[in-house]
């Protein structure tokens with residue numbers, strides 16, 4: 001049963017990934033991690049920011065300038081393959097583990113030399129090429145990852161700085177806690193690029209294609225064309241078949257005689273109904289067979305303009321006889337007023353009675369008057385006075401929802417005022433207002449009212 005990284009110690013072979021995990025889960029090992037050769041710069045920066053005195057001292061020793069010439073000549077050195085021999089210092093001994101006893105040394109010397117693979121098996125793991133291991137699944141970022149690895153961290157750092165490892169004895173370490181270590185994914189290892197095999201497949205395909213072509217060509221040379229007899233039989237049948245007799249092509253005249261049909265004469269329209277006029281509106285006839293007018297429905301004649309209406313055939317199946325009227329013009333006519341104003345009328349549109357009890361307003365659409373105090377019966381809603389109104393074509397009526405307030409100008413008795421559509425007259429006993437177009441209006445006073 002293997003141990004988790006947080007339950008293991010630190011060895012010279014501890015990878016950057018294991019150091020990364022131990023730095024989070026084992027605060028007591030952080031000074032050793034700070035001096036470990038596999039600790040990368042991002043992890044060292046994070047350790048330096050923790051403010052731990054022991055960790056800061058370890059970082060100071062790591063960053064202290066090294067003088068190779070000042071090394072103690074009495075220090076024993078053990079060469080490592082591919083590296084120069086360097087003295088084994090106390091710093092290295094602390095990173096490796098507790099000092100070994102003479103019995104451990106004799107036991108180690110008594111053992112036969114072991115290969116790197118055997119050393120790996122001793123620790124309970126088999127070293128395998130990095131490119132055969134599946135890529136670890138990214139894990140969610142933590143605050144620690146963002147500080148150490150930056151925004152791109154996910155699981156383990158994607159790139160680690162490399163540092164020169166100091167020389168350690170190549171023999172195994174008999175200390176307890178180093179046996180049964182599982183193989184750990186090392187992010188420093190880079191997978192070897194896989195070789196592309198597309199070129200070999202294409203070459204094999206071309207060779208097979210050439211072989212098949214050569215075999216087919218050899219077959220035709222030896223046995224001849226197997227389809228030659230079928231082609232000869234087909235040619236003989238075509239020669240033996242009687243040639244179809246050609247029928248004479250019809251002439252253009254005969255074709256025209258067959259295709260031409262007698263043309264129907266269009267229907268003649270001998271009369272077109274004229275539009276009907278009423279005052280300044282024109283009513284266009286509807287449902288006239290074969291006739292289409294330039295307007296439809298009821299059309300108003302623009303003021304001070306002329307309306308022109310035309311008619312034409314709806315399709316080629318009809319024709320309008322000569323002399324039939326197909327165009328009409330309608331000129332705008334000033335409407336006849338039912339009760340026009342006299343020539344000496346005023347043009348005041350907002351006024352009050354001499355007593356101030358009646359107030360009136362005249363607009364383009366209506367005339368409205370309010371009796372403030374009255375003695376007659378009025379609708380229940382006339383709380384602010386009884387208001388009367390009349391428009392151009394409608395009848396006079398009550399409209400107490402919109403009362404007229406007092407005006408600044410007075411309409412004296414026997415005076416008449418108005419605009420082009422309405423008129424009002426002030427009499428000593430009453431006020432009267434009306435529509436000049438329809439003649440409808442109202443007569444009002446304090447004592448009575450009359451709608452006409």
TODO: Sort out which residues of region 263-273 are in a loop (DSSP other than H, G, I, E, B) and surrounded by 15 or more Cβ atoms within 10 Å (Cβ to Cβ), and write them in order of number.
DONE: 272
- [ ] Please state which of the following conditions residue 376 fails to meet, knowing it meets all the rest: (1) in a loop (DSSP other than H, G, I, E, B); (2) free of Cβ contacts under 8 Å to residues at least 24 places away in the same chain.
- [x] (2)
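So, residue 380, is that one outside the structural domain of residue 276 (by TED's automatic domain parsing) and under 17 Å from residue 433 (Cα atoms) or not? Spell out the reasoning first.
Details: outside the structural domain of residue 276 (by TED's automatic domain parsing): yes; under 17 Å from residue 433 (Cα atoms): no.
When the stated conditions are applied, residue 380 does not pass them.
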Open item on the list: Being in contact (Cβ under 8 Å) with a residue 24 or more places away in the chain and buried (at least 21 other Cβ atoms within 10 Å of the Cβ) is true for just one of 394, 408, 418, 439. Which residue is that?
Closed with: 418
Open item on the list: For the list (1) loosely packed, with under 13 Cβ neighbours inside 10 Å; (2) assigned to a loop (DSSP other than H, G, I, E, B), I need the number of the one condition that residue 329 fails.
Closed with: (2)
Open item on the list: Among the residues in region 427-442, are any at pLDDT below 95 and on the phi > 0 side of the Ramachandran plot?
Closed with: yes
Open item on the list: It is to be established whether one or more residues within region 372-387 are within 19 Å of residue 341 (Cβ to Cβ), buried (at least 16 other Cβ atoms within 10 Å of the Cβ) and in contact with a strand residue (DSSP E or B) (Cβ under 7 Å, 6 or more places away or on another chain).
Closed with: no
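The values are calculated or read from the model by the stated rules, or taken from the named source; none is laboratory data. What you are looking at is a predicted structure, and each value in this text was computed from that prediction instead of being measured. Note: ideal-geometry Cβ built from the backbone for every residue, glycine included; neighbour counts use all protein chains shown.
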